[in-house]
Amino acid sequence: MTGKPAELPPEEMVAWRRRALEQQLPAAGFPAGSGTPSLVYLWVTMCLAAAIVLGFAVNHQRGVPPAVVDSQRDNVSKVATSTRMTIQHSVEELDQRVSTRAPGTPDPELLKQAVGDGATWNGATIMETASRRPVATLGPQLPLEQLPPTLPANVFPVSTADGPALVRSIALDQSRTLLAMQPLNVDELRLNPKARQGVFVLTPDGKSTLMQGVSAVDEVHLPVVFGELAQSDSSEGHPIRVTEWQDRQLVVSSAPVGNTGVTLATLIVADEAGGTSAVRGLLLGLTLLALAVPSFLLMRLALVRPVRSLLEQAKANASGAAPAKRHPLRIAEAHRIAQALAFTSGDTSSASSPRTRWRWRWRPTVTQALAVATVVALLWPAAAVATALGAPKPSIPDQLVKDEESRAEAASTMMGKALNNGLQTVIRVSQTAESSDPAQLTPLLKHELADKQRFRSLYLMDSSGSVISSAGREPLRKEPLRGEAGIDLDDKTARVPVVYAFRVGANGVATVGEYNIDYLLGMLREVDGQARIVDEDLRTVFDSEGFRAFEELEGSARGAAAEALKGGTVGRAETPGGGAALIAAAGLNKPNTVAPLKWSLVVEQDLAGLRLPQSDGRRWTLLVAGAATGVVLLSQVWQYYVFARPLRRLATEADRIRGGSVETPIPPQRHDDIGELAMCLEVCRQARHTGSDRLGGVPRIRGTEDDPTVVLPEVPPPASPERVAPPTVYRGGHQSAGRDEGD
């Protein structure tokens, strides 16, 4: 379009200019429009309201609290881990006895060495590998008919008249195999008799054996209850509804014992509890919408409505339409731009009249109006957070307290076994050092260190404290040792706890293994909750959530730890001040080798993390409140930086025009409705400065406000009466026709 049609009626001329102007203005498609942020806010808030209603409704049904199911699954998993460690230690001892046998040892003597005192391995058989014919036997007869076709490299389960047992196979040579059997034992657990709790061992042949407690259901129903748990390779837990029971359900949990093929399972009868309140969820959703709608309307009144009203007025002015009645604009920036448009069109009847100035002397800025919308929108998240945090703590079911005590005992036993296994390794190395040259044992030290990963360093030292041979990292302590064997804590040599196992041999050479702190902390971190080990002075030795060594134990856990040091296990469901809590402590006294440490293990649960109905509702409320806050802040930042600031800059340009300065072009803005408004204002400025020829029909270029703009001088008119061609304006590397340049 290079010019306007010749001699059109005024109405058609305005329509033609309007069409030409619309073709040159930027299209404000999603997400460029000024109304997009408020719409996005409203849509997302509606989704959040639906989410909170749905979240409360899903957990509305009565049932066993998920925290009880989680606790049972965690406990049986810890017991399975402790059982695996016991089996692993016994296998290491057996392998050591067989590998260190003298050449040519008679079979009966080898069986005696393998069985030892019979405390762990109570029976052994040497058989011909090919025919599986027993050659020598000691102790109870092994069920050879239950042996798998291919003997596995690890232990495998068998069923005997006395219950399940584990068998370890060791190839003595190409024709003979040693089979050693031990009964499968489970650490003694703190059971809840009121819940009819029972511990079972499941074997791959489908049999279940009650090891501790009682069975909550008849034996005939056990195959259905346990189902395929024996074949599962991960811990599981779920409730089972029994038709004959009212307000109670059966909870079954299981965990595999390493790769032995054995699975531990527990059964309890748990009470049902009410779920989350669906009415409360509906109320929260409705109140969220009730405050979101006014905030949305305020956003529209603060930004969208003034911009759209102003844009329609600006398009009419830029098309040369006759001034119409101007509606007062209640936003300061929009009012200032409207005054500039009225000035460029020569209309002073409304926007700048004295009466209008008196009635609307003060108008809020778009930033102030959006701030009010933000405050209204944030009222619901603030009230929801205050209500959730101010609600009383949930009551703790008795079963969770019992489970916490079991968890503390299991963690204590597991830690004790890990320390004892390290001591046994040190004793084996020390016994070897008594019968050989200690300076030549570095390869053995490296082997033990790499194989077990429980030590940071393993070394031999003489009576003066000098290291003879070592493996691993630099020893932290180099003081001479006295006594025979044991486990001790050095709290003076380094800034970190130095826990070490030692044995002083008959030749005066001491074998020392300094435990790897990360190894010990790794076991604590497997415990559900915050687990801490404290010494007899109630100083922190280890903490699963990070700690400063030997810091005084504070808080509600201090009393439980002090009581557990006297012996036994302590469980508490409330703090000394009467608040809700879930704390359990157990003394570290199993096996007997760790009792001299006088340590106590404390486990403390974060009540907010428990999957109780009250906690679920509180957690869901806080989650939605956080999401709602994020949506509000995102939409307001979006509106402020993308629309409010450009509108404020445009109002500054409008003030300059209203002051009578129409020589400086208005730089182009964004390609949205603010950009449209800027282009229309520039058209009006050009028309005010040059004449009506610069109205909507003149072609213009788009660009950005950073593009340089140069206005060239007018070309002198020629002598002929022909129409004078407008000068050429170069802007940002483009050119267009016109006396001065704008967008």
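The values are calculated or read from the model by the stated rules, or taken from the named source; none is laboratory data. Worth saying up front: this structure is predicted, and the values here are computed from it rather than measured. Neighbour counts run over all protein chains shown; Cβ positions are idealised from the backbone, glycine included.
Cβ-Cβ below 6 Å, separation at least six or inter-chain, first residue in segment 397-409 and over 13 Å from A560 (Cα atoms), second among the β-branched types (V, I, T): which pairs?
Q399/V68; R407/V603; E409/T569
A651 passes all but one of (1) touching a helix residue (DSSP H, G or I) at 6+ places or on another chain (Cβ under 7 Å); (2) in the same structural domain as R539 (by TED's automatic domain parsing); (3) surrounded by 17 or more Cβ atoms within 10 Å (Cβ to Cβ); (4) farther than 30 Å from G281 by Cα; which number fails?
(2)
Residues of segment 229-263 being among the charged types (D, E, K, R), part of a strand (DSSP E or B) and under 30 Å from the mean Cα position of the chain (by Cα), which ones?
Within segment 229-263, just E236 meets the criteria.
Which residues, counting only those in segment 57-72, are over 21 Å from the mean Cα position of the chain (by Cα) and among the small types (G, A, S)?
Across segment 57-72, the qualifying residues are A57, G63.
Name the single residue that is surrounded by the most Cβ atoms within 10 Å (Cβ to Cβ) among those in segment 554-584 being charged (D, E, K, R) and farther than 17 Å from E409 by Cβ.
By that ranking, first place goes to R558.
Hey, can you tell me all the residues within segment 593-632 that are out of contact with any helix residue (DSSP H, G or I) (no Cβ under 8 Å at 6 or more places or on another chain) and of a type in the set (G, A, S)?
Of everything in segment 593-632, those that are out of contact with any helix residue (DSSP H, G or I) (no Cβ under 8 Å at 6 or more places or on another chain) and of a type in the set (G, A, S) turn out to be A595, G630.
Among the residues of segment 573-598, which ones are in contact with an Asp or Glu (Cβ under 6 Å, 6 or more places away or on another chain) and not aliphatic (A, V, I, L, M)?
K598
If we only count strands (runs of 3 or more DSSP E) wholly inside segment 123-201, which ones have 1 or more residues that are acidic (D, E) and more than 28 Å from E219 (Cα to Cα)?
Hits in segment 123-201: 123-128.
Show the residue pairs that are 6+ apart or on different chains and have beta-carbon atoms under 6 Å apart, the first residue being within segment 126-137 and closer than 15 Å to T150 by Cβ, the second being among the hydroxyl-bearing types (S, T, Y) and not in a loop (DSSP other than H, G, I, E, B).
Going by the 6 Å Cβ cut-off, the qualifying pairs are M127/T177; T129/T177.
Just to be sure, is R656 within 14 Å of V307 (Cβ to Cβ) and either charged (D, E, K, R) or not in a helix (DSSP H, G or I) (or both)?
No, not satisfied.
Return yes when L42 is in contact (Cβ under 8 Å) with a residue 40 or more places away in the chain, among the aliphatic types (A, V, I, L, M), farther than 17 Å from V376 by Cα and assigned to a helix (DSSP H, G or I) and no when it is not.
No.
Tell me whether segment 603-615 contains one or more residues that are at negative phi, among the acidic types (D, E), in contact (Cβ under 8 Å) with a residue 12 or more places away in the chain and not in a helix (DSSP H, G or I).
yes
Could you run through segment 463-510 and say how many residues are within 16 Å of D437 (Cα to Cα), part of a strand (DSSP E or B) and not aliphatic (A, V, I, L, M)?
Adding up the residues that qualify gives 2.
Consider only pairs whose beta carbons are under 9 Å apart and that are at least six residues apart or on different chains; among these, list those whose first residue lies in segment 432-449 and is closer than 11 Å to L460 by Cα and without any contact (Cβ under 8 Å) to a residue 40 or more places away in the chain and whose second residue is assigned to a helix (DSSP H, G or I) and not hydrophobic (A, V, I, L, M, F, W, C).
So the pair list comes out as L441/T432.
Looking only at segment 446-459, count how many residues are modelled with pLDDT of 90 or more and under 13 Å from T511 (Cβ atoms).
Number satisfying all stated conditions: 4.
Which number in (1) of a type in the set (D, E); (2) without any contact (Cβ under 8 Å) to a residue 24 or more places away in the chain; (3) under 29 Å from R611 (Cα atoms) marks the one condition that E551 misses?
If we test E551 against (1) of a type in the set (D, E); (2) without any contact (Cβ under 8 Å) to a residue 24 or more places away in the chain; (3) under 29 Å from R611 (Cα atoms), just (3) comes out false.
Name the single residue that is surrounded by the fewest Cβ atoms within 10 Å (Cβ to Cβ) among those in segment 392-426 being more than 24 Å from the chain's Cα centre (by Cα), of a type in the set (A, V, I, L, M, F, W, C) and over 30 Å from Q453 (Cβ atoms).
Looking at the filtered set, the residue picked out is V401.
Which residue is surrounded by the most Cβ atoms within 10 Å (Cβ to Cβ), if the candidates are limited to segment 511-526 and must be free of Cβ contacts under 8 Å to residues at least 40 places away in the same chain and in contact with a Ser or Thr (Cβ under 8 Å, 6 or more places away or on another chain)?
Here the residue is L521.
Quick one: would you say A439 is at pLDDT below 90, of a type in the set (G, A, S) and over 29 Å from the mean Cα position of the chain (by Cα)?
Considered against the rule, which asks whether it is at pLDDT below 90, of a type in the set (G, A, S) and over 29 Å from the mean Cα position of the chain (by Cα), A439 comes out as yes.
Among E551, E545, which is of a type outside the set (A, V, I, L, M), in contact with a strand residue (DSSP E or B) (Cβ under 7 Å, 6 or more places away or on another chain) and farther than 21 Å from E409 by Cβ?
Result: E551 is the single residue among E551, E545 that is of a type outside the set (A, V, I, L, M), in contact with a strand residue (DSSP E or B) (Cβ under 7 Å, 6 or more places away or on another chain) and farther than 21 Å from E409 by Cβ.
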